[in-house]
Every structure is written in C-alpha cells, then in structure tokens.
1. Would it be correct to say that I153 is under 28 Å from T27 (Cα atoms), in contact (Cβ under 8 Å) with a residue 12 or more places away in the chain and in contact with a Ser or Thr (Cβ under 6 Å, 6 or more places away or on another chain)?
2. Tell me, yes or no, whether the stretch 96-111 has at least one residue that is β-branched (V, I, T), surrounded by 10 or more Cβ atoms within 10 Å (Cβ to Cβ) and within 40 Å of the chain's Cα centre (by Cα).
3. Is there a residue in the stretch 19-28 that is within 39 Å of the chain's Cα centre (by Cα), modelled with pLDDT of 80 or more and under 30 Å from T155 (Cα atoms)?
4. Which residues, taken from the stretch 122-140, are surrounded by 11 or more Cβ atoms within 10 Å (Cβ to Cβ) and closer than 17 Å to N44 by Cβ?
5. Looking at (1) surrounded by 13 or more Cβ atoms within 10 Å (Cβ to Cβ); (2) more than 30 Å from S38 (Cα to Cα), can you tell me which one A143 breaks?
6. Taking the conditions exactly as written (surrounded by 10 or more Cβ atoms within 10 Å (Cβ to Cβ) and modelled with pLDDT of 85 or more), does Q5 satisfy them or not?
7. Please find, among N138, N183, the residue that is part of a helix (DSSP H, G or I) and within 30 Å of S25 (Cβ to Cβ).
Amino acid sequence: MTRIQIYSIVLAATLLSSCASIPASTTILTQEILKESSGMHTLNISLINQLYANRKEQVNSFITNTYTPALLDNFSKNLPDSLDYKEELPNILKSIVPIINKKKDSMQSILDTEQEQLITQLNTNYTTFSTAGTSLQNLIDSAVKLKTAEKSIMTSVESLTNGNVNISNTETQLDSLLIKSGNSFSKLLEISAALKSN
C-alpha cells in the first residue's frame, strides 16, 4: 500500500473519529419512547371519548331533569284553565317533544364538534411527533452505524500500518494545522484589504 493511500485512510479515520459519539443503547431508548408515545396517544383518545361520553350524559340529565320540567311548567302556564289535559295530551306532546329534541340535539352537536376537533388536533400532533421521532430514530441509527464503521476503519488502519500510525496524534496535528492555516489565511485577507484600501 502506498503512503498516499495510507495517509488517505488515516485522514478518513481521523475525520470519522472526530464525530460525536452516540451510544448504541440510544437506538433502543428512542424506539421505546416511540412505542410509549403510541400508547399515550391511544390513551389520550380514550380519555377524550370518555370525557365527552360523560358530558353527553350530563346533557341528557339536564334535558330530562331541568330543561323539560321548566319547559312543561312554562307551557302549562300558557294553557287555558278550561283545557282538558287528558284529551289534549297527545297534541301537547307533539308540540313540546320537537322543542326538547331540538335543544338536546343542539347541545349534543356542540359536544360532538368539540370532541372531533380535539381528536383531530391530537392526531395531528401525534403524526408530527411520530414523523419527527422516526427521523430522529433514523439519524441515531445512522450515527451508530457510522460509529461502528469508524471502529472498523480504525482497526483496519492499525492493522495496515502495524500500529506505526497514532491516529489520535494525527488528528491533533491536523486540527492544529487547520487552525494555523485558518489564522494565516485571516491575516492574508487583512493584508489584502489594507493593500486595496491604499
């Protein structure tokens, strides 16, 4: 193997080793978080459904125990005293039942709309979280694979060079060289700007 190939491998290994390290267990942790979020989403939907079922029962109770008696009381006050209730009861019910049902349907409809909006928002939020989580999972998986590949390359470099190349030392020297060349280039730009201004 030529010196250029060895230096290229050492440079690639150095660049790879300078990446941040992510433990392999992070992949498992992220997967567990995504599974837990799915369970939490299902639980949230169930809680919303239960909450609105309770609210609908409260509406039914209100209609039966409060609204209907008050409506009947007001209705009966407007009926003449001479009215035969037994004979007119079917007609009275035909007049009152649609009003009661309309009020009940109106209140139930408001609850249904609220419930639907909450569930839609929960689903949207969960989809966004799930997409972001999957992207994060893929990124972590890639980083872990990169770290594994880096270790493999480091082992190969040590094997190819018979341990004669110290990669950590080479990395430190390359960093120092890049910093010095950056500083030198900055000074050259300052000199160039000063010469142009004269």
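The values are calculated or read from the model by the stated rules, or taken from the named source; none is laboratory data. Every value quoted in this text rests on a predicted model; they were computed, and no experiment measured them. Note: ideal-geometry Cβ built from the backbone for every residue, glycine included; neighbour counts use all protein chains shown.
1. Working: under 28 Å from T27 (Cα atoms): yes; in contact (Cβ under 8 Å) with a residue 12 or more places away in the chain: yes; in contact with a Ser or Thr (Cβ under 6 Å, 6 or more places away or on another chain): no.
Here the answer is no, as I153 does not meet what is asked.
2. Yes, that holds for at least one residue.
3. Of all residues in the stretch 19-28, those within 39 Å of the chain's Cα centre (by Cα) come to 19-28.
Those still in the list that are modelled with pLDDT of 80 or more too: 28.
From what's left, under 30 Å from T155 (Cα atoms): 28.
Taking every residue of the stretch 19-28 in turn, at least one turns out to be within 39 Å of the chain's Cα centre (by Cα), modelled with pLDDT of 80 or more and under 30 Å from T155 (Cα atoms).
4. L122, N123, N125, Y126, T127, F129, S130, G133
5. Every listed condition holds for A143 apart from (2).
6. Working: surrounded by 10 or more Cβ atoms within 10 Å (Cβ to Cβ): yes; modelled with pLDDT of 85 or more: no.
For Q5, the condition - surrounded by 10 or more Cβ atoms within 10 Å (Cβ to Cβ) and modelled with pLDDT of 85 or more - is not met.
7. Working: N183 fails: within 30 Å of S25 (Cβ to Cβ).
The unique qualifying residue is N138.
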